[in-house]
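Peer 1: Just dropping this structure here.
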Amino acid sequence: MTTRRALVVRGGWEGHAPVESTDLFIPFLRAHGFDVQVEDSLEVYADEPYMSTVDLIVQCWSIGEILADEMHGLRVAVENGAGLAGWHGGLIDAFRNATDYQHLIGAQFVAHPDDFIEHTVEISPDRADHPIVEGVSQISITSEQYWVLSDGASDVLATTTHVPREDSPWHSPVTVPAVWTRSWGRGHVFACTIGHSPAELEIPEVRTIIERGMLWAARTA
């Protein structure tokens, strides 16, 4: 098996358990032939010679701030073919003031109305044969239901629908992406909104989707 290089970058808001969450997937990456390097600082993104050797970036860094040279290094790495993968706030609610980052990811978390709420994530019927979600029909979960603002450049593999209650400020159901991929330059991005806690990441369907998503995003040649 050819060895590829995976970079795990974790930190930011501790409420999303970045160490425990990423530790769940490091053995999987190693078992699939990746040499895994773990960093607890964003400074590695600014190291362009090193970043040019990375095949997969797994980021779990909620909120926080990213410096201009770090952001530039991350974008260049993806545009040149590195994969970028992550879940929940570690990818979708990182670096709120960095519009270049949101452009790269394709969506930004803006709310989780009602905090923890029972909801479903539905696989998009026309994408049910995609290798990331194949065999999964829906996921029922009680957790934060992410409301994201997104664009049309992503391939949406699953959605979730926010249904208004009597006291909700919006007046009709709103369907938003929950799992998507995105091609960016020569690289690929994978994102999943589920994953508030390590326990959620252990749900078989969720773990399967994320594991497949990381492999899908990684550089293949």
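Peer 1: Applying 1/(1 + (r/R0)^6) with R0 = 30 Å to the Cβ-Cβ distance of ASP167 and GLU65, what FRET efficiency is obtained, to the nearest 0.05?
Peer 2: Once rounded, the FRET efficiency stands at 0.30.
Peer 1: Further, regarding this structure: Could you give the Stokes-Einstein D for the chain in µm² per second, using the C-alpha Kirkwood radius, 4 °C, 1.567 mPa s? Write down the numbers at each step before the final one.
Peer 2: Working: Rh = 17.3 Å.
This corresponds to a translational diffusion coefficient of 75 µm²/s.
Peer 1: Could you work out the Rg to Rh ratio of the range 36-75, with Rh taken as the Kirkwood radius (inverse of the mean 1/r over all Cα pairs)? Spell out each step's value before the answer.
Peer 2: Values: Rg = 9.8 Å, Rh = 10.6 Å.
Radius of gyration relative to Kirkwood radius: 0.92.
Peer 1: Pairing the Cα long axis of helix 68-79 with the longest principal axis of the chain, what angle in degrees results, from 0 to 90 and rounded to the nearest 10?
Peer 2: The two axes meet at around 90 degrees.
Peer 1: Taking a probe of 1.4 angstrom, what is the accessible area of ASP35 in Å², to the nearest 10?
Peer 2: 80
Peer 1: Which whole-Hz couplings ³J(HN,Hα) result when phi for each residue of the range 131-147 is put into the Karplus expression 6.51 cos²θ - 1.76 cosθ + 1.60, θ = phi - 60°, listed in order with x for Gly and Pro?
Peer 2: Listing the rounded values in order: x, 6, 10, 3, x, 10, 9, 7, 10, 9, 8, 10, 6, 5, 9, 5, 9 Hz.
Peer 1: May I pose another question? Find out how many positive minus negative residues lie around GLY185, taking Lys and Arg as positive, Asp and Glu as negative, among other residues whose Cβ is under 12 Å from that of GLY185.
Peer 2: Numbers: positive: ARG75, ARG182, ARG186, ARG219; negative: GLU79.
Local charge sum for GLY185: +3.
Peer 1: Between GLN138 and VAL38, what length comes free when the chain is fully extended (0.36 nm per residue of separation minus the Cα-Cα distance, one decimal in nm)? Could the numbers behind the result be given before it?
Peer 2: Numbers: separation 100, 0.36 × 100 = 36.00 nm, distance 3.21 nm.
Here the answer is 32.8 nm.
Peer 1: Relative to the longest principal axis of the chain, what angle (0 to 90°, nearest 10) does the C-alpha long axis of helix 204-217 take?
Peer 2: Between helix and principal axis, roughly 40 degrees.
Peer 1: Something else now. Give me log10 I(q)/I(0) at q = 0.11, 0.16, 0.19, 0.25 Å⁻¹ for the range 54-147, Debye formula, one equal scatterer per alpha-carbon, no solvent.
Peer 2: For the requested q values the scattering log ratios are -0.41, -0.82, -1.04, -1.26.
Peer 1: Still on this structure, I have one more. Whole number in Å², please: accessible area per residue of the chain, 1.4 Å probe, ligands, DNA and RNA not counted. All intermediate terms of the calculation are to be shown ahead of the outcome.
Peer 2: Values: 9740 Å² over 221 residues.
It amounts to 44 Å² per residue over the chain.
Peer 1: What FRET efficiency, computed as 1/(1 + (r/R0)^6) with R0 = 22 Å and r the Cβ-Cβ distance, is obtained for ASP155 and LEU24, rounded to the nearest 0.05?
Peer 2: On the way: r = 25 Å, r/R0 = 1.14.
About 0.30, to the nearest 0.05.
Peer 1: To the nearest 500 deg cm²/dmol, what mean residue ellipticity at 222 nm is calculated for the chain from DSSP H runs of n ≥ 4 alone, each contributing -39,500 (n - 2.57), summed and divided by the residues? Provide the component values of the computation, followed by the final result.
Peer 2: Working: 8 runs with 58 residues, N = 221.
That comes out to -6500 deg cm²/dmol.
The values are calculated or read from the model by the stated rules, or taken from the named source; none is laboratory data. These figures come from a predicted structure and were not determined experimentally. Methodologically, a virtual Cβ is constructed for each residue, glycine included, from the backbone with ideal geometry; neighbour enumeration extends over all protein chains shown. With ligands, DNA and RNA removed, areas are computed over all heavy atoms of the protein, side chains included. Shrake-Rupley method; radii C 1.70, N 1.55, O 1.52, S 1.80 Å.
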